[in-house]
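Below: the structure, in structure tokens.
The values are calculated or read from the model by the stated rules, or taken from the named source; none is laboratory data. What you see is a predicted model, and the numbers here were worked out from it, not measured in a lab. We place every Cβ from the backbone using ideal geometry, glycine too, and count neighbours over all the protein chains shown. What goes into the accessible areas is simple: the full protein's heavy atoms, side chains included, and nothing from ligands, DNA or RNA. Shrake-Rupley method; radii C 1.70, N 1.55, O 1.52, S 1.80 Å.
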Amino acid sequence: MKRLYAILKSILVLVIVFMLTACTGETRPSDTTIKETSEAESVSSSSSGQKPTALETRPAVESFELLTSKGNQSLEATLHQGKGFSLYVFEKFTFDATAGRLSLSGNPGYYVDIEPLPSDYDLAQLEVAGKEELRQFGDVSNFSGELLEHPLGFADLYLQASGKEGISDYIVWTSESGDAFLFRLHNPKGAEVSDFAGPIHISLSTVQSE
């Protein structure tokens, strides 16, 4: 009888040990499971970790000081996204993101075309092309370099043609981040000159590559 009791006791202990082992194996993940989970999370994080756009990193609205016929005024401009760049646009202007054109809403004849330049652009070739392009509008002047009291501050190339129809500019400008842009600006003679010139240069000074 004692021997039978000892055997039953041993079997009971083995059953309890087996049950505890099974439970532990179910609740504790293996090293392989942990590794697979970690890799999956890493892939998920990598796929969703895209570079934020300007619309996500720059303020949606900014205020700028402009010299107007009424003196210095603080005017708000809204952030717009173009092809490879962003900029701030004032209320009376329209921005065509596809064409990269910023124009006066009331008179589209006042406009500037914005073109991002590659890092290996040839400034000498652009100067030749700019002079050829502007000759049709009048005599061409070169204001390249430092621009005193001008929103752009400095221009690698600033060609301007002045004629009976107005003023046309061909500008190569580099942003603070080192990205270069070409601005083709058309400012016809007319009543909207003052509405166009000041705000347009402020907007151009906010152009930033994506």
Based on the mean of other Cβ atoms within 10 Å per residue, sort peptides 113-120, 185-192 so the most packed one is first.
185-192, 113-120
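Keeping the other protein chains in place, figure out the carbon and sulfur percent of the accessible area of the stretch 100-194, with a 1.4 Å probe.
48 percent
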